[in-house]
Amino acid sequence: PSSQRAQGVGEGTSVLGIDPSAGVLFTRKAFDFESVSSYVFIVRVTNFATPFLSASQRVSLHIVNTNDVPPRFPRPSYSVSVDENTTSGGVTLITVRAVDDDTVNNDVATTLVYSISAIDDEYEGYFSIN
């Protein structure tokens, strides 16, 4: 029997390796969906018989995202001023926005839920989130 040797070429070889005698693909470093969501590369197999023959196959590797990045506020802080006689109920003081760089379920953005916490007891009931 002739020996066979597999070799990966093209994009993806810096994060992937291949066992040249078994054809087993393995990772060289962790994948990061937010940086690269897929890789396309060529695997080539060669026999060292006479005549010398080889074949190539295109392989697509799709990275599945996990929820590994916490949501973040794009601004370092928020501040608002309000008149002391502002009435309660329905007055919009400020809108804060956060982003989540993770996507899940076929690239649909995750749902963010806002809440108010760590308010002194004397301010309880003054603020709410719509």
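Each value in this text was obtained by applying a stated rule to the coordinates, not by laboratory testing. Since we're looking at a predicted model, the values are computed, not measured. Every residue, glycine as well, gets a Cβ built from its backbone with ideal geometry; the counts of neighbours run over all protein chains shown.
A Förster radius of 35 Å combined with the Cβ-Cβ distance from S88 to E34 puts the calculated FRET efficiency at roughly 0.25.
Annotation for D102 and F48: the two label points, set 7 Å from Cα along the Cα-Cβ direction, are 4.7 nm apart.
Annotation: amide H-H contacts under 5 Å for L16 (H modelled 1.01 Å from N, sequence separation of 5 or more, or interchain): R28.
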